[in-house]
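Peer 1: What follows is a structure written as structure tokens; I'll ask about it next.
Laboratory data are not the source of any read-out in this text; all were calculated from the coordinates shown. No experiment lies behind these values; they were computed from the predicted model shown. Note: ideal-geometry Cβ built from the backbone for every residue, glycine included; neighbour counts use all protein chains shown.
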Amino acid sequence: MRAAVRVALAVAVAAVAAAVVAGCGPHAPTEPPAMEGTIATATPNAGGNAGSILVEGKASFGDKATFEIQGTMPILVQAKNGMLTSGAFADLKPGLRVEVWADGPVRESYPVQATASMVLVVQ
């Protein structure tokens, strides 16, 4: 009887741990993105893990924006089933639909310029 209780307890702990790990996966911010649109160009920096993207779409500040992508900034890729996985700058290709969150002020020019705080590639 005592062994059965230990097994049941171990199974319960494993189930809770799995639920916690699944809930800790990547997720998009709850606030709306600064811009939604399509990547027109993606220009990597020398190391390839950062660079800039030109996005054409909808935003309160205009129809185009260049976002600086820093190497430590989260890039998420949404699968067709809605699951999010971590991505890299190499995943940001022209023609892909994205949502971009900005970090700090938008520099007024045409197209406007901003530093991205997160990019979500939407399938």
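Peer 1: Please give the residues of segment 109-123, grouped as numeric ranges, whose backbone N is less than 16 Å from a label point set 7 Å along the Cα-to-Cβ vector of Asp91.
Peer 2: Within reach of a label on Asp91: 117-123.
Peer 1: If you put +1 on each Lys and Arg Cβ and -1 on each Asp and Glu Cβ, how big is the dipole of segment 35-122 around its Cα centre, in Debye rounded to 20?
Peer 2: 200
Peer 1: Would you work out the relative contact order for segment 35-122, in percent, from Cα pairs under 8 angstrom that are 6 or more residues apart?
Peer 2: 32
Peer 1: Here's a follow-up. Taking the beta-carbon count within 10 Å as an exposure proxy, list Glu56, Glu31 from fewest neighbours to most.
Peer 2: Ranking Glu56, Glu31 by Cβ neighbours within 10 Å, fewest first, gives Glu31, Glu56.
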